[in-house]
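Engineer: Dumping the structure here so I can ask a few things about it.
The values are calculated or read from the model by the stated rules, or taken from the named source; none is laboratory data. No experiment lies behind these values; they were computed from the predicted model shown. In this analysis, Cβ positions are derived from the backbone assuming ideal geometry, glycine residues included, and neighbour counts consider all displayed protein chains.
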Amino acid sequence: MNDLVVAITGASGSAYAVRLLEVLAAAGRSVHLVVSPAGQQVIGHELGLKIDPAKFSIEQLLPDFDTLEAGNGGRVQFHGYRDFSAGIASGSFHTDGMVICPCSMGTLAAVSQGLSQNLIHRAADVHLKERRKLIVVPRETPLGAIQLSNMKTLADAGAVILPAMPGFYNQPQSIDDLVNFVVARICDQLGVEQDLTKRWGNQSIEL
């Protein structure tokens, strides 16, 4: 298995990103993590967690990381937002895919236009040009013509547009259930085994 890339930007929905990191760690996957400054602000506001880029440790996001990855070989490597010397800035560095979760509309626009102004944009560009899996998880509403056009541009370029739209057919009982629904769909796209939710057809539903 090759490494995975997870980028967190300044859209609402930090819980999706943190839960995704938990699941990937528990699955023993190695992750390259990049967090934008706006992403750091949103994480602090929504989850009360503070990221120190200068002295980052994964425990800042996942206090139980040691337990999650014990025996599985998983690890998380943090990269500075503008560190273009990181391996993930090059197509010669092999990965199994990248997720931008949540993806702000600004990041969506930059990636769709190939601007490469920071490591998140550049890593996304690399995944598109190398024909690797790029999963974009936008969290915004309503969506205007510009945002929809940018999503179509990325979809035409090969990206998977996976909006943070939880389903309700599993009869969720908590916010965690709603978060798990979206994270499960991301993991399916990455080929990471998970049992976060029941699959359609594996349950009886009364109508």
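Engineer: If you go through the range 34-46 one residue at a time, how many are within 26 Å of Gly97 (Cα to Cα) and touching a helix residue (DSSP H, G or I) at 6+ places or on another chain (Cβ under 7 Å)?
Structural biologist: 4
Engineer: On to the next question. Hey, can you tell me all the residues within the range 34-50 that are within 18 Å of the chain's Cα centre (by Cα), outside any helix (DSSP H, G or I) and surrounded by fewer than 20 Cβ atoms within 10 Å (Cβ to Cβ)?
Structural biologist: Result: Leu49, single match.
Engineer: Yes or no: Glu59 farther than 22 Å from Asp96 by Cα, at pLDDT 95 or above and part of a helix (DSSP H, G or I)?
Structural biologist: no
Engineer: Please find, among Leu68, Leu20, the residue that is more than 17 Å from the chain's Cα centre (by Cα), in contact (Cβ under 8 Å) with a residue 12 or more places away in the chain and part of a helix (DSSP H, G or I).
Structural biologist: Leu68
Engineer: What are the pairs with Cβ atoms under 7 angstrom where one residue, in the range 136-165, is among the small types (Gly, Ala, Ser) and the other, located anywhere, is part of a loop (DSSP other than H, G, I, E, B) and surrounded by fewer than 17 Cβ atoms within 10 Å (Cβ to Cβ)? Sequence gap at least six, or different chains.
Structural biologist: Gly158/Arg131
Engineer: While we're on this one: Please determine whether any residue of the range 85-105 is of a type in the set (Phe, Trp, Tyr), at pLDDT 95 or above, under 18 Å from the mean Cα position of the chain (by Cα) and part of a loop (DSSP other than H, G, I, E, B).
Structural biologist: no
Engineer: Only one residue in Ser116, Ser57, Ser85 is free of Cβ contacts under 8 Å to residues at least 60 places away in the same chain, of a type in the set (S, T, N, Q) and under 21 Å from Ala159 (Cβ atoms). Which one?
Structural biologist: Ser116
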